[in-house]
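Read through the structure below, which is laid out as structure tokens, and then see the notes.
The values are calculated or read from the model by the stated rules, or taken from the named source; none is laboratory data. Note that the structure is a prediction, hence the values are computed from the model and not measured. Here the Cβ positions follow ideal geometry from the backbone for every residue, glycine too, while neighbour counts run over all protein chains shown.
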Amino acid sequence: MAAWIAGVDEAGRGPLAGPVIAAAVILNPEKPIAGLKDSKKLTERVRIKLAAEIKENALAWAIARAEVEEIDQINILQASLLAMKRAIEALSVVPAHVLVDGNQSPKIAIPVTAIIKGDDLEPAISAASILAKVARDAEMVELALQFPEYGFAIHKGYPTAAHIAALNKHGPSSIHRRSFGPVARLCAEA
């Protein structure tokens, strides 16, 4: 049996609303995928195309999350690590080693290496970055239907001027992160 390596990354640490989503991917060396890189350096159309290819060709992949309530309870870093741990544990193949984007890694029983800018250096982390971003963006578009006044389909919950203006006008929704500065200030004023 080969010693499989999983790449792990998350999407959604910076937004003021919505979950943080992580993905874990074990690429199939016999089915290479061209064009893998940091999801932020790809267009939405290319990310969606690559996400479909990753799901079709990877040996294993999983997507997991930490909810807004968890983010507010344990902080965004811990929630990101929790989502990563959940994604790793959801893989159908147990990896021998895990590569994580960034300088922190989840506490798991498998050897893990954190790699700064790993989403640009390691194809498996790039693949995880793409799956996490595509999944989170799709979820924010869905949430925009529930909360049309905030513009989630456009800014995906990030603190843009339009999002801050909507937040100031309408107050926080149930999917806003109460522990994040602009939302916390509005809650304190209420």
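Details
- Only one of Asp72, Asp119 that is in contact (Cβ under 8 Å) with a residue 24 or more places away in the chain and either within 26 Å of Trp4 (Cβ to Cβ) or surrounded by fewer than 14 Cβ atoms within 10 Å (Cβ to Cβ) (or both): Asp119
- Summed over the range 132-177, the residues that are crowded, with 16+ Cβ neighbours inside 10 Å and not aromatic (Phe, Trp, Tyr) give a count of 23.
- The range 168-185: number of residues that are touching a Lys or Arg at 6+ places or on another chain (Cβ under 9 Å) and part of a helix (DSSP H, G or I): 2
- Residue list for the range 7-54, restricted to those being touching a strand residue (DSSP E or B) at 6+ places or on another chain (Cβ under 8 Å), more than 30 Å from Gly171 (Cβ to Cβ) and at pLDDT 95 or above: Gly7, Val8, Asp9, Ala23, Ala24, Val25, Ile26, Leu27, Ile54
- Hey, Ala165 part of a helix (DSSP H, G or I) and not hydroxyl-bearing (Ser, Thr, Tyr) or not: yes
- Qualifying residue in the range 1-22 (condition: under 25 Å from Ala144 (Cβ atoms), basic (Lys, Arg) and assigned to a loop (DSSP other than H, G, I, E, B)): yes
- A search for C-beta distances below 6 Å between a residue of the range 138-149 that is assigned to a helix (DSSP H, G or I) and any residue that is at pLDDT below 95 and exposed (fewer than 14 other Cβ atoms within 10 Å of the Cβ), counting only pairs 6+ apart in sequence or on different chains, returns Glu149/His170.
- Boolean, Leu99 is under 16 Å from the mean Cα position of the chain (by Cα), touching a residue at least 24 places away in the same chain (Cβ under 8 Å) and closer than 13 Å to Ala11 by Cα: no
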